[in-house]
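Derivation of every value follows stated rules applied to the coordinates shown; laboratory data play no part. Only a predicted model underlies this, so the values are computations on that prediction, with no experimental measurement involved. Cβ: placed from backbone, ideal geometry, glycine included. Neighbour counts: every protein chain shown.
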Amino acid sequence: MIAFLPDGITWGAAAALMVVSLLSSALTAAVGIGGGIVFLVALTFVVPIEALIALHGIIQVGSNAGRTIVLARQVNYRLLLPFVLGATVGVAIGAALVTDLPEATILLAIGVFVTVTTWVKPPPFGRGQPAVLAIGGAGASILTMFIGATGPFVIAMMRQTGLSHIGLVATNGAAMTVQHALKVIAFGILGFNFMPWLPLVAALIASGFVGTLIGARLLRSLPEQALRMALKVVLTMLGLHLIVRGVLDLL
């Protein structure tokens, strides 16, 4: 019989993660980005570092799949296909390269990634040409095996295609669903045991779906620019916190 909570996870920590899952999914459904990174950082306080990327992946499959289902009519499948092909290649390459990194290294890498991508605008990715989407999907999927949340790269690439905001949120959600699903399969092949975590993962996915429904209802009414600025401030604080934690661990 599988216990609801894995060893070392308290009920208070599980409840806090459910709240963060709800809020972060609502954020992503409304704005299109940021929720996955916020939830990844929250996980660093609760789960063992060696389980971080794999667990983040399976939870994000549920969260992004929920958003994709809710906004299915707005997904641009013509743009999605080349991304999926590139992501498949990228995850395979990343799985061949992934190794057990020290906790301090992972925290520093995620902290630097979060801080930089919050403020540095990615270069133009073209206008949605299939080759650009495939190459971008491959690159982002290699990175996701190491740092977990590559949403900023993917949505920046999708934004160049001229999609409406709701189409961008929907298509990015579908892209992230596929990317994280491929990552979960890769970690399973590499030997990660998801079984002890499944009840908690199911609860987090369910709370994330509730957040998605809330965010989708607010998608057309919230002040997007104000939300983006608030998100930048929060992500910067979280990124710097992870950098400090990584440096202290090294010392």
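How large is the charge dipole for the stretch 56-175, taken about the Cα centre, if only the Cβ atoms of Lys, Arg (+1) and Asp, Glu (-1) carry charge, to the nearest 20 debye?
So the dipole magnitude of the stretch 56-175 works out to roughly 540 debye.
Quick one: 3J(HN,Hα) in Hz for the stretch 102-112, Karplus 6.51/-1.76/1.60 with θ = phi - 60°, rounded, Gly and Pro as x.
x, 4, 4, 5, 5, 4, 5, 4, 5, x, 5
Which ³J(HN,Hα) values, rounded to whole Hz and listed in residue order, are derived for the stretch 155-170 from phi using the Karplus coefficients 6.51, -1.76 and 1.60 in 6.51 cos²θ - 1.76 cosθ + 1.60 with θ = phi - 60°, glycine and proline given as x?
Along the stretch 155-170, the couplings run 5, 5, 5, 5, 5, 6, 7, x, 5, 5, 4, 5, x, 5, 4, 5 Hz.
Assign unit charges at the C-beta atoms only (+1 for Lys and Arg, -1 for Asp and Glu), then state the dipole size of the stretch 11-250 relative to its Cα centre in Debye, rounded to the nearest 20.
860 debye
Pulled fully out, how much extra length does the chain show between Ile93 and Ala15, if you take 0.36 nm times their separation in residues and subtract their Cα-Cα distance?
24.5 nm
For the stretch 1-58 and the stretch 175-237, compute the distance between their C-alpha centroids and round to whole Å.
Measuring centre to centre over Cα atoms gives 8 Å.
For the stretch 147-219, run through the chymotrypsin sites (Phe, Trp or Tyr not before Pro) and keep only the ones in DSSP coil with at most 16 other Cβ atoms within 10 Å of their Cβ.
Phe194
Per residue of the stretch 231-244, what does 6.51 cos²θ - 1.76 cosθ + 1.60 with θ = phi - 60° give for ³J(HN,Hα)? Whole Hz please, x for Gly and Pro, Karplus curve as stated.
Residue by residue, the stretch 231-244 yields 5, 4, 5, 5, 5, 4, 4, 5, x, 5, 4, 5, 4, 4 Hz.
Need one number: convex hull volume per residue for the chain, Cα atoms only, in Å³.
Hull volume over Cα atoms, normalised by residue count, gives 119 Å³.
Within the chain, which is the longest segment that contains none of the trypsin sites (Lys or Arg not before Pro) sitting in a DSSP loop with at most 12 other Cβ atoms within 10 Å?
My reading of the result: 1-126 is the longest stretch.
Charges on Cβ only, +1 for Lys and Arg, -1 for Asp and Glu, centred on the Cα centroid of the stretch 1-150; of Gly90, Ile110, Ala51, which one is farthest towards the dipole's positive end?
Gly90
Can you divide the C-alpha Rg of the stretch 1-59 by 2.2 N^0.38 Å and report the result to two decimal places?
1.16
Give me the distance in nm between label points sitting 7 Å out from Cα along the Cα-to-Cβ direction at Gln129 and Leu240, one decimal.
That separation, rounded to one decimal, is 4.0 nm.
Set Lys and Arg Cβ to +1 and Asp and Glu Cβ to -1, take the dipole of the chain about its Cα centre, and tell me which of Val70, Asn193, Gly167 lies farthest positive.
Of the candidates, Gly167 comes out farthest on the positive side.
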